[in-house]
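Everything below concerns the one structure shown next.
The values are calculated or read from the model by the stated rules, or taken from the named source; none is laboratory data. In this text the structure is predicted, and so the values were computed from the model without any measurement. When we count neighbours, we look across all protein chains shown, and the Cβ atoms used for this are built from the backbone with ideal geometry, even at glycine. Note: accessible area is taken over every heavy atom of the protein model, side chains too, but ligands, DNA and RNA are not part of it. Shrake-Rupley method; radii C 1.70, N 1.55, O 1.52, S 1.80 Å.
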Amino acid sequence: MNKIGIGVIGCGTVGSGLIRNLPKANALIGERLGVQLEIKSIAVRNSAKNRDPLPITPVEDWKKVISDPAVQIVVELVGGTQDAFLIAEATLKAKKPLVTANKALLAERGQELFPLAQKSATPIYFEASVAGGIPVLKGLREGLVANQLLGLHGIINGTSNYILSRMAEAGSDFATALQQAKDLGYAEADDKLDVDGIDAAHKAAILCLLAYGFLPKFSEIPVEGIRKIESQDVGFARQLGYVIKLLAMIRPVGSDQIEVRVAPTLLPARHPMASVHGAFNAVGLIGNLSGPVQFTGRGAGPDATSSALLADLAEAAKNVSDRSPGPLLQNAARKARLISPSDSVGRFYVRIEVEDRPGVLAQVAGIFGAEKIGISSVLQPEGHGAGSVPLIFLLESALLSSLHRAVASIAKLPNTRAPATILRVEDLT
Ligand code: NAP
Ligand code: HSE
């Protein structure tokens, strides 16, 4: 049995999960692929920190891991885009395959790293960067390679989905649900990445790369997180037959444009993704040959992430053992551009707090009409107090720029009490 040496840089939530799960997985990998993984070197930031025992004594200088001749594959589990970039760059320059779970690194600095991987003919394995334990990147890279993809959509941040599920099902408040997600190892070291939609946008950029050979400029992706969701929106959405999920959408528009966005979105309550709860993720896509495909599974947490890391390590080890170059992204340089967010067309949910007076609803509806935006449903709940009332509109398809003009005009009405809450609506079938 060929033994392949690995070096692990970073032993926090994910790294310690990998080390815990490796021995059992190694037995299966040996049986199935005829290779074994052997941890030869580990680096952490602070080796004096109290932590679960590691199989070998860690060092604090990650360069020692990469330069160790016994290390044939390097696993980066440090997070962020600074030290992680230096680690990735040094690993590729040393011509050692890199395994990483770091979506921020790939989405924000992939334009530098993927060409370096090509130049040094050294692969980057990154299944663990998207959707935890769901092998969606392998699915795109292998199982669906012959398909033209008509679009992808996904719930790809476990922490946000956990928070929204707890708010909808257990009536939890936002802060309590977030703390639970942190305790369970779902959240990023900086949890703003989760709740502000940035982590989902990192993953959406990677999915776009796999599906369309185009890594968008990260700063140009429109991103909204879940902070603005109030429990009343969850309730109104339910009355209208919808649930609210943080959804990533990736779809080609015409021949050279792609729409990539992340936003809290109303999905029909009958759609399979509406019942993806807790830290589970789901990615749906439509292939021209396969038709609709949906992947579902645990999207976050040390065990689910270990599953993807160990799959990448197994593939990398087999390739090293067979002296095969491994998967180099061949199509990472497609010329495309993101559509301008204002050109985005879609349906919207709009909640507006207005003074409870006769004629206000008609005024607001008139403004939508003047922007040629159709209204498909309106809710004006009874039992409100303090002289104000929420008006909830479910709108027909509209250009985002027209919606913004309408909402700006509504904000100027003397009877409008608070800024509108605007959420996307996707009638996925
Ligand atoms: P974490 O708990 O913050 O752990 C980071 C680890 O990196 C720690 O062990 C830290 O050392 C070490 N480290 C930091 N800077 C270092 C340096 N310069 N040299 C050596 N070691 C250094 O992070 P995590 O939650 O495990 O996340 C790791 C990666 O996995 C991130 O990219 C994250 O986005 C990704 N990820 C997370 C999940 C999940 O479910 N949580 C899922 C998929 C992907 P000390 O222990 O000494 O502080
Ligand atoms: N913080 C991420 C999430 C981890 O909650 O989805 C998985 O990538």
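Given the Cα-Cα distance of ASP173 and ARG227 and 0.36 nm per residue of separation, how much length would full extension add, in nm? Going from the current span to full extension adds 18.3 nm.
Think of the chain as having a plus end and a minus end, set by charges on the Cβ of Lys, Arg, Asp and Glu; of ILE19, ILE4, ASN147, ILE4 sits farthest toward the positive end of this dipole.
Near VAL234: Cβ cut-off under 13 Å, other residues only, Lys/Arg at +1 and Asp/Glu at -1. The net charge is +1. Projecting label points 7 angstrom from Cα along Cα→Cβ for LYS182 and SER255 puts them 5.1 nm apart.
Each Lys and Arg contributes +1 and each Asp and Glu -1, all at the Cβ; summed about the Cα centre of region 377-429, the dipole is approximately 320 debye. Here the 3J(HN,Hα) profile of region 262-271, calculated from phi with Karplus coefficients 6.51, -1.76 and 1.60 at θ = phi - 60°, is 10, 7, x, 9, 7, 10, x, 4, 8, 6 Hz, Gly and Pro shown as x. If the label point is 7 Å along Cα→Cβ of LYS3, which residues in region 58-78 have backbone nitrogen under 20 Å from it? What the label zone holds, given the 20 Å backbone N cut-off, is 58-59, 65-75. Looking at region 26-91, which trypsin sites (Lys or Arg not before Pro) are DSSP coil and have at most 15 other C-beta atoms within 10 Å of their C-beta? Sparse-neighbourhood loop trypsin sites (Lys or Arg not before Pro): ARG45, LYS49, ARG51.
Between rounded, prolate and oblate, where does region 291-331 land on the alpha carbon gyration tensor, with a ≥ b ≥ c its root eigenvalues, rounded for a/c under 1.5, else prolate if a/b exceeds b/c?
oblate
For region 341-425, with all protein chains in place and a probe radius of 1.4 Å, 54% of the accessible heavy-atom surface sits on carbon or sulfur. Please name which of THR416, LEU361, ALA406 has its Cα lying farthest along the dipole of region 341-425 towards the positive end, using unit charges on Cβ (Lys, Arg +1; Asp, Glu -1) and the Cα centre as origin. Positive-end residue among those listed: ALA406. Between LYS95 and ARG141, the FRET efficiency from the beta-carbon distance, with R0 = 25 Å, is close to 0.70. Rounded to the nearest 20, the size of the Cβ-charge dipole of the chain about its Cα centre is 780 debye, with Lys and Arg at +1 and Asp and Glu at -1.
For GLU259, the residues whose modelled amide H falls within less than 5 Å of its own, excluding neighbours fewer than 5 places apart on the same chain, are ARG251, VAL253, ILE339. Relative contact order of the chain: 17 percent, from C-alpha pairs under 8 Å at least 6 residues apart in sequence.
Round to the nearest 0.05 the FRET efficiency obtained for ARG323 and LEU116 when R0 = 25 Å and r is the Cβ-Cβ distance.
0.70
Taking every Cα-Cα distance in region 1-97 and sorting them into 5 Å bins starting at zero, the pair-distance distribution P(r) comes out as 3, 14, 24, 24, 19, 12, 4, 1 percent.
When you filter the GluC sites (Glu not before Pro) in region 193-284 for DSSP loop state and at most 14 other Cβ atoms inside 10 Å of their Cβ, you are left with GLU230. Annotation: lysines with alpha-carbon distance below 22 angstrom to LYS49 (same-chain offsets under eight excluded): LYS40, LYS63, LYS64, LYS182. With the helix formula -39500 (n - 2.57) applied to DSSP H stretches of n ≥ 4, the chain reaches a computed 222 nm mean residue ellipticity of -11000 deg cm²/dmol. Charge dipole (Cα centre; +1 on Lys/Arg Cβ, -1 on Asp/Glu Cβ; no other charges) of region 334-376 amounts to roughly 520 debye. Note that region 145-296 shows a convex hull volume over its alpha carbon atoms of 115 Å³ per residue.
On the basis of the beta-carbon distance and an R0 of 35 Å, THR57 and LEU28 show a calculated FRET efficiency of 0.80. Of the Cα atoms belonging to region 32-174, the radius of gyration and Dmax stand at 18.3, 54 Å.
Considering only Cα atoms, the convex hull volume of the chain works out to 147 Å³ per residue. The accessible surface of region 167-249, taken with every protein chain in place and a 1.4 Å probe, is 49 percent carbon and sulfur. Residues in the chain average 43 Å² of solvent-accessible surface per residue, probe 1.4 Å, ligands and nucleic acids excluded.
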